[in-house]
Amino acid sequence: MWQELRAELYPQGIEIVTVALDTGGPEAVRRWIEAAEPEHPSLIDQAHLVDELFGIVNVPSGVWIDEQGIIVRPPETAYPRRPPFLDHKMPDDLSPERREQLDAVKGLRMDADTYVTALRDWVARGPESRYALSPDEVLQRSRPRPLEESEAAAHFELGQYLHRAGHSQDAIHHFRECHRLQPDNWTYMRQAWNLLGSDQTPMDVYETDWLREVKKIGAENYYPKLEM
C-alpha cells in the first residue's frame, strides 16, 4: 500500500521509509516485502529500536521527519489507504473464533483518508502546512516514559536476546513482564505471541491473546483518534 503512495509523492520531494518490527529477522517478513515490490527503503528492525526511540506502541505508525531531521509529527496511526479486506464478506466456513476475531478487526478505527490528506498537504506546503507541528507541539503529543515503561523495554530486550540465543522458554518470563509493566504496548505483545507461532490466537503460556486484549479496551480504542 505504501508503494502506491510513494510513487505519487516521491516526485514532490518526499521519501517514504517502511520499517518492519520483527525479532524474527528477514525471513519473518520477506514474503510481505517481496509481494509489495517497494521502490522505497524497506528496513527490518530486529531489535525494535525504532519503537523504543520514537515511543511507538502499535503498528502501523507513522513519524514525519523534515529535511533538517526534525520530527514534525510524532508517532500516530498511519494507514495509506483503507485495507480492502475490511469490505470483503467473510467466508461462510470460518470457525466461530476466527469470525469473532475478524469482526473485531472490522471495528478498528482506521482513518486512512484523514491521514493521507494531511500528508499530501505537508508534502505540498512544507512548514506552512497546518499539519506540521512546532517542536513544542511535538513534545506535548509525544509519549512520556515513566519508570515502568523503561523497565518494560529492558525486559523486552532481555526476552529478545534469550529467544535469539535459543532459550525461548526463558524468554517468556520477560515478555510477560513487558505486558504487566506496559499493557498498552501492542508491539511487545504481538512479538511475543508471534515468536511462539501463535498468530495472535489464544495461548496458555501468556494467558491472553489479541482478541481478548482488544475486547478489554474496545475495538474502537485500539488505534487512538488522529489529532489533526
Sequence-distant residues sharing a close amide H with ASP184 (under 5 Å, placed H): none
In whole Å, what is the distance between the alpha-carbon centres of the range 117-139 and the range 150-204? 35 Å
Computed over the chain: longest principal axis from alpha-carbon atoms vs helix 112-125 long axis, angle to nearest 10 degrees, is 40 degrees
So what are the ³J(HN,Hα) numbers for the range 40-54, from phi and the Karplus equation (6.51, -1.76, 1.60; θ = phi - 60°), rounded to whole Hz, Gly and Pro as x? 9, x, 10, 9, 10, 9, 5, 8, 6, 5, 4, 5, 5, 6, 9
Starting from the Kirkwood Rh over alpha-carbon pairs, what translational D in µm² s⁻¹ does the range 147-220 have by Stokes-Einstein at 25 °C and 0.890 mPa s? 199 µm²/s
Amide H proximity to ILE65 below 5 Å, modelled H, separation 5+ or other chain, gives VAL72
DSSP loop (so not H, G, I, E, B), at most 10 other Cβ within 10 Å: list which trypsin sites (Lys or Arg not before Pro) in the range 1-101 pass both filters. LYS89
Listed values (1) 77, 53, 26; (2) 51, 46, 33; (3) 62, 34, 32, entry calculated as Cα extents along the principal axes in Å: (2)
For the Cα atoms of the chain, what angle does the longest principal axis make with the long axis of helix 147-164, in degrees from 0 to 90, nearest 10? 70 degrees
The summed charge of the GLY55 Cβ neighbourhood (under 9 Å; Lys/Arg +1, Asp/Glu -1) stands at -1
Amide H contacts of ILE44 (H built 1.01 Å from N, under 5 Å, at least 5 apart or other chain): ALA20
Average Cα contact separation per residue, the chain, under 8 Å, 6 or more apart, as relative contact order %: 20 percent
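A short reminder: the numbers here are calculations on the coordinates, not readings from a lab. Predicted, not measured: the structure shown is a model, and the values here were computed from it. A quick note on method: Cβ atoms are made from the backbone with ideal geometry, for glycine too, and the neighbour counts reach across all protein chains shown.
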